[in-house]
Every structure is written in C-alpha cells, then in structure tokens.
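The values are calculated or read from the model by the stated rules, or taken from the named source; none is laboratory data. For clarity, every value in this text was computed on a predicted model and none was experimentally measured. Here the Cβ positions follow ideal geometry from the backbone for every residue, glycine too, while neighbour counts run over all protein chains shown. Side chains included, ligands, DNA and RNA excluded: accessible areas come from the protein's heavy atoms. Shrake-Rupley method; radii C 1.70, N 1.55, O 1.52, S 1.80 Å.
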Amino acid sequence: MIDDDSDLETVAIVPALLGHGESFHHALDLVARERKYLSMLEAPPLEQTLQFMMGCIERGDPRFVAVVGGEVVGWCDITRHDRPIHGHRGTLGMGILPQYRGRGLGRKLIDATLAQAREAGFVRIELSVHSDNARAISLYGKAGFVIEGLQRDAVYVDGEYRDAIMMAIVERENATG
C-alpha cells in the first residue's frame, strides 16, 4: 500500500506486455468485483483476457500498466474501433486497485496512454463512466475530456439502475491520413 507520495516512486508506468497478462487479469478481476466502476462484474476467463491483450498489442493499441514489485496495480488502454470508417476512434478503459487510488497514479496512466494515442494518430478518444463516479469524472475532465451526453439507466447492478456519462477528446491535428 502507498503510504505517502514518496512511495509513488516505486510505481513504474510501462507499456503493457503479454507478460503482464496474469497480473493484469488479477487486477481487472479485483476492480470488476467491486461492482461499481467497470462494465463487467468479474474478469473474463484468463485465456480470453490474454487473447484481448494480444490483439491490442498486435494492433498497436495504446496500453499502459502501473506495476509495483512486478504486480499490476492499475492500467489504462485505448482500443481502436475496428471498422475503417471508425478507425480514427478509440475507447478508453482504465482501473486502479483500491489501495493505489487518490495518489495521482490515474493521471500518470492516462497521460502516458493519451500521448501514445496521439502519436498513433487517434483523433477521437471516448469513454463511458458511471455518473456516480465523481473521482473518475474529475480525472477525465482534467485530462481534457468533455461531457458529450448522458445515457439514462445504462447500467444495472444489484437491482439498481445507474446513468452513464459519455465523454470524449477530439483532436483533429492528430489525423495521419
């Protein structure tokens, strides 16, 4: 656990590699099982997660992980849309283990991932965030995302509906074609 800001120096922000797969899967599962941040309630099977990671790596999708002592404690990725007319767009996903939240790690992850996305020619990065996740909404706003809309009752967990906020960054100067 991080006790003060000096401990953040032990966190490495590195490109996600297949070797991070099992640790990433574990972190993804822990955050998903909190049942309040992700669009899943548990991680997919390990093999499916590894296939997803391999596809992202092969396509060159921006993906970074935060690692402490060889273990993934957070991640941020942008998955490029697969249809040619949407190829300039990507969807951002991220998560951080509870004991590492509130220390600036999310900002470091998102900044690294967005920088790589710009280099790769992404023009539009979009995301969906639960409307009751004020910390994430604030982080995304500080990183340059703007609110584009609201999806009412977009999420249903444990008998409760929640709205989702749609946010995006659009930077046409990144266009490569």
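Within the range 90-126, which residues are open to solvent by 30 Å² or more (accessible area, probe 1.4 Å) and either within 22 Å of Ala43 (Cα to Cα) or of a type in the set (Val, Ile, Thr) (or both)? Selection gives Thr91, Pro98, Gln99, Arg101.
Of the strands (runs of 3 or more DSSP E) lying entirely inside the range 1-114, the ones with 3 or more residues being among the β-branched types (Val, Ile, Thr) and closer than 26 Å to Ser138 by Cβ are found at 63-68, 71-80. Of all the criteria given as (1) modelled with pLDDT of 95 or more; (2) of a type in the set (Val, Ile, Thr); (3) more than 17 Å from Met94 (Cβ to Cβ), the one not satisfied by Val31 is (3). When Gln99 is tested against (1) of a type in the set (S, T, N, Q); (2) within 26 Å of Leu18 (Cβ to Cβ); (3) in contact with a strand residue (DSSP E or B) (Cβ under 6 Å, 6 or more places away or on another chain), just one condition goes unmet, and that condition is (3). For first residues located in the range 98-111 and modelled with pLDDT under 95, partners that are aromatic (Phe, Trp, Tyr) and assigned to a helix (DSSP H, G or I) and lie 6+ apart or on another chain with Cβ distances below 6 Å do not occur. Taking into account only those residues within the range 138-156 that are of a type outside the set (Lys, Arg) and more than 20 Å from the chain's Cα centre (by Cα), which is most open to solvent (accessible area, probe 1.4 Å)? Applying the filter and picking the extreme gives Tyr156.
Among the residues of the range 157-172, those identified as assigned to a strand (DSSP E or B) and open to solvent by 40 Å² or more (accessible area, probe 1.4 Å) are Glu160, Tyr161, Asp163, Met166, Val170. Restricting the range 68-89 to residues that are touching a residue at least 24 places away in the same chain (Cβ under 8 Å) and more than 15 Å from Arg107 (Cα to Cα), which is most open to solvent (accessible area, probe 1.4 Å)? Restricting to residues being touching a residue at least 24 places away in the same chain (Cβ under 8 Å) and more than 15 Å from Arg107 (Cα to Cα), the top hit is Glu71.
Note on the range 77-129: residues that are under 15 Å from Ala66 (Cα atoms) and aromatic (Phe, Trp, Tyr) amount to 1.
Take Gln51 and decide whether it is farther than 11 Å from Pro15 by Cα, loosely packed, with under 14 Cβ neighbours inside 10 Å and touching a residue at least 12 places away in the same chain (Cβ under 8 Å). No, not satisfied.
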